[in-house]
């Protein structure tokens, strides 16, 4: 997909310049069927292509260039840029609001054993495993962004404690594209180790 070249003079948005984070979850929209959105090393169509995003993917946006044509995102733990015209605020795209930037209405899945964690729009959280079935419904009680604001988020939905990061993730079994990764623990139940999974906004 080709994108218009923006000005070479760069600047993040004023909220970042002022010293605080304006990280925001946004959704990839308007990508033609069968196409993808290029993730660039810099804010230019001639900058190195370092990855792809697809229709419906959710990304962590940190700011824009001066012209507002390129958005600064966090991609697989690195800084990167995408064309702003293909990003829509999650609420405008029909998504729910966030809690301190933490997305609600997400579903996370993992293996060994197979499990699912959902955190609904009303903050209710439900964990289900193939071995033990559904656990009692709980609720998201805390979601804390990283020191710089935004991802990764540390969260608690007792008895579960997790870290949600805006990193592209694969379940290793399907061609589903996940926008976020999850590390989940349950200290009170004596889990032998953390569970690792992948998440998307529903």
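Remarks
- Test: residue in segment 121-128 that is under 29 Å from residue 36 (Cα atoms), in contact with a strand residue (DSSP E or B) (Cβ under 7 Å, 6 or more places away or on another chain) and not assigned by TED's automatic domain parsing to the domain that holds residue 28: no
- Filter result for residue 53 (within 17 Å of the chain's Cα centre (by Cα), assigned by TED's automatic domain parsing to the domain that holds residue 160 and within 19 Å of residue 170 (Cα to Cα)): no
- Residue in segment 136-147 that is touching a residue at least 24 places away in the same chain (Cβ under 8 Å) and assigned to a loop (DSSP other than H, G, I, E, B) present: yes
- Residues that are without any contact (Cβ under 8 Å) to a residue 12 or more places away in the chain and surrounded by fewer than 12 Cβ atoms within 10 Å (Cβ to Cβ) were ranked within segment 124-135; the one that is nearest to the chain's Cα centre (by Cα) is 134.
- Filtered residue count, segment 148-166, keeping only those that are surrounded by fewer than 19 Cβ atoms within 10 Å (Cβ to Cβ), in a loop (DSSP other than H, G, I, E, B) and touching a strand residue (DSSP E or B) at 6+ places or on another chain (Cβ under 8 Å): 2
- Top-ranked residue of segment 62-72 - restricted to ones that are crowded, with 20+ Cβ neighbours inside 10 Å and in contact (Cβ under 8 Å) with a residue 60 or more places away in the chain, ranked as nearest to the chain's Cα centre (by Cα): 62
- A residue that is more than 18 Å from the chain's Cα centre (by Cα), crowded, with 20+ Cβ neighbours inside 10 Å, farther than 21 Å from residue 198 by Cβ and modelled with pLDDT under 85 occurs somewhere in segment 5-21.
The values are calculated or read from the model by the stated rules, or taken from the named source; none is laboratory data. Fair warning: this is a prediction, and the values are worked out from it, not measured in the lab. Neighbour counts are summed over all protein chains in view; Cβ atoms, including those assigned to glycine, are modelled from backbone coordinates with ideal geometry.
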